[in-house]
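Here is the structure we will look at.
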Amino acid sequence: MSLHQETVLISGHIIDSLILAKVLDIILMMGGTFDLEDVHIGTTREEPSRARIVIRAASTALLDDILKAIQPHGASVERDADCRTVEAPADGIFPDDFYATTHLPTQIRLHEQWIDVDRIEMDLGVLVDARNSAARAIPMAEVRQGDRIVVGREGVRVIPLQRPSERDVFGFMESQVSSERPHHHIITDVAARMRQLRERHRQGHADSKVLLAGGPAIIHAGGRDALTWLIEEGFVHLLFCGNALAAHDMEADLYGTSLGYGLAAGRAVPHGHEHHLRTINKIRAIGSIEAAVTSGVVQQGIMAACVRQNVLVIMAGTIRDDGPLPGVITDSVRAQSAMRAAIPGVGLALLVASTLHAVATGNLLPATVPTVCVDVNPSVPTKLADRGSFQAVGLVMDAASFLSELARLLGRSS
Amino acid sequence: MTRLLVCPPDFFGIEYEINPWMRLSNRVDHERAVQQWHGLMRVLEQDVGVEIERMTPIAGLPDLVFTANAGIVVGRTAVVSRFRYPERQREEAYFENWFSGHGYNVVTLEKELIFEGAGDLLGFSDCWFGGYRQRSDIRAFPHLSDLFHREIIPLELVDSRFYHLDTCFCPLSGGELLYFPSAFDPYGQTAIAQRVQKGRQLLVPEDDALKFACNAVCVGNHVVLPSGCPATERLLQAKGYRTHSVPLDEFMKSGGSAKCLTLALD
């Protein structure tokens, strides 16, 4: 973790004497930042005040310098305690009072050392491997009896996101959602990130994958060609979807319809409602989407592009699925695990036209991953933000318009 | 009647250098020092009318004369100093013995909390000020505030020549404050201005400040200060104080003057 932090305590008549102001000024002037926690201001002149200050700096050396500079003014480093752990009482059950994670970078204190919690994700527990001085976030369902799980809040610290150095739309890290906001500059910033990430991905850099989680409205609304192009050109490296997106994408290739509507003609075609069932049946007969593409049965579209470009597709099923297609994971805990396993390395997430997949993916993403949520329904990005994915930039717009504009900005001729 | 603790200068001299005023080469004229000290006692006892308590001087402790650093006394409670420099740490036991031998409840702070007594803790009846950074540790003040139920505003001393608060800051009995602003940073100056109205601030010019004009003893409307500070005397007289200037330059060689040579006992 590039951030170095320490918590200090200061008490006494620190307000009227301007000692607190002086300490904070020193921190800023030296190039550090701070958060004021638990400020208690004395209610009478006699009563002392106290403050807890979390100080952050870009290097250990700078942090040490800052601590040395403020120590004469009475700021003393808080004596931290190690985190407490308790064994999980049974498979799939956390101990009482387990520490529930946020999706922000988190550290625990083990053997008097602060260590990072790997694979951080919101609403999980923290599994400690004391022997190897390691810790990782763990879902409830994966915990095994006897696992050491962090309990309480002592010895756990959450590190707020630093404002990224890039001065684009993600620099603000705030999920304002409004249909009245202009879209163009947001899509331009997304395109710039994707261009950069494709380059980094080709060079084998870490955290350079672009994840797209999408719903079937991409097909209905006419965004299929643009997304296919984005995948073919190497801009998307991981796809999360359900049975429907894949089914309608291949229905479009086999029948030229999406849920029975002629994509070109724009109206229902006779017996069109059967097309997606016939598509699913055909792929089931072949055995897999990959075989359908390699055998030439399915030639164009999102699924075909994914197979050709080696893009990992994770399909999570739902209760109303037809079929489903081979490859759809119908056990939602298993689907969640598969999605979780694919998250490391993601550097940008696009959540497009799907409430369930957007929220599910948002839950799995660490706050450090820039995220865009695109939906015609403002409640989707709002819901995502309300559930804690505050880093997601919300775009209230049609999926096809978004994907087409994105592809155009990335060089697709319209 | 005001009582002051003093220590005769039998063994006063410069035997080490622990502040910018002290120079081993700058020898004290011992006879003159003794005369000056007795001159100060005469003014305090006869002109000002205070009661003097004399400690027994100890050979090898040249700075024991500076009793302001013995500790802080409030009522029958005395908090004994913990000196920063080992040269003066040897004085602690003698001061502690004197206080306990005279019936005070003696309080000592944690070992690592440096606190140099009334030299760094001064104030008015409701609000005290604590000098820190040069000698005392700011972390001592919350303990003292808690013990004595007084607000203590810490003030950083930014000029090493004014190494104790009482070298640049002197609260007066009428609520005025005699002080040298440049000894404090802007935070300290602002904090002082918030507690002492402008009309009550008596700003000592640098020439006088360097003669330790602020190292004065104020009892009622009497102010005893080192000689050679005419501007400060005028400031005080304009506020109705009776000034008594006393030659104390032999003690200035050690970085102390009238106030440093006394400790107020309640």
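Cβ-Cβ contacts under 9 Å between residues 6 or more apart (or on different chains), taken from a first residue in the range A:181-202 that is crowded, with 18+ Cβ neighbours inside 10 Å to a second residue that is modelled with pLDDT of 95 or more and basic (Lys, Arg), are listed as A:ALA191/A:ARG408; A:LEU197/A:LYS209; A:HIS201/A:LYS209.
Candidates in the range A:24-51 are the residues that are of a type outside the set (S, T, N, Q) and facing chain B (nearest Cβ under 10 Å); of these, the one that is nearest to the chain's Cα centre (by Cα) is A:ASP25.
The strands (runs of 3 or more DSSP E) found entirely in the range B:92-200 that carry 1 or more residues being under 26 Å from B:SER257 (Cβ atoms), in contact with a strand residue (DSSP E or B) (Cβ under 7 Å, 6 or more places away or on another chain) and within 14 Å of another protein chain (Cβ to nearest Cβ) are B:121-123, B:127-132, B:151-156, B:169-171. For the range A:57-68, the tally of residues that are surrounded by 13 or more Cβ atoms within 10 Å (Cβ to Cβ) and either touching a residue at least 60 places away in the same chain (Cβ under 8 Å) or within 14 Å of another protein chain (Cβ to nearest Cβ) (or both) stands at 1. Within the range B:3-37, being of a type in the set (Ser, Thr, Tyr) and within 21 Å of B:PHE162 (Cβ to Cβ) holds for one residue alone: B:TYR16. Of the residues making up the range B:229-246, those that are small (Gly, Ala, Ser) and either touching a Pro at 6+ places or on another chain (Cβ under 8 Å) or part of a helix (DSSP H, G or I) (or both) are B:ALA231, B:ALA238, B:SER245. Within the range B:8-38, being assigned to a loop (DSSP other than H, G, I, E, B), farther than 11 Å from B:LYS253 by Cβ and modelled with pLDDT of 95 or more holds for B:PRO8, B:PRO9, B:ASP10, B:PHE11. So, A:LEU364, is that one buried (at least 24 other Cβ atoms within 10 Å of the Cβ) and either in contact with a Leu (Cβ under 7 Å, 6 or more places away or on another chain) or not charged (D, E, K, R) (or both) or not? Criteria met by A:LEU364. Candidates in the range A:1-15 are the residues that are within 14 Å of chain B (Cβ to nearest Cβ) and surrounded by fewer than 19 Cβ atoms within 10 Å (Cβ to Cβ); of these, the one that is nearest to the chain's Cα centre (by Cα) is A:LEU9. Could you list, in sequence order, the residues of the range A:94-133 that are over 17 Å from A:ARG84 (Cβ atoms), in a strand (DSSP E or B) and hydrophobic (A, V, I, L, M, F, W, C)? Across the range A:94-133, there are no qualifying residues.
The values are calculated or read from the model by the stated rules, or taken from the named source; none is laboratory data. These numbers come from a predicted model, not from an experiment. Positions of Cβ are generated from backbone atoms using ideal geometry, with glycine treated the same way; all protein chains shown enter the neighbour counts.
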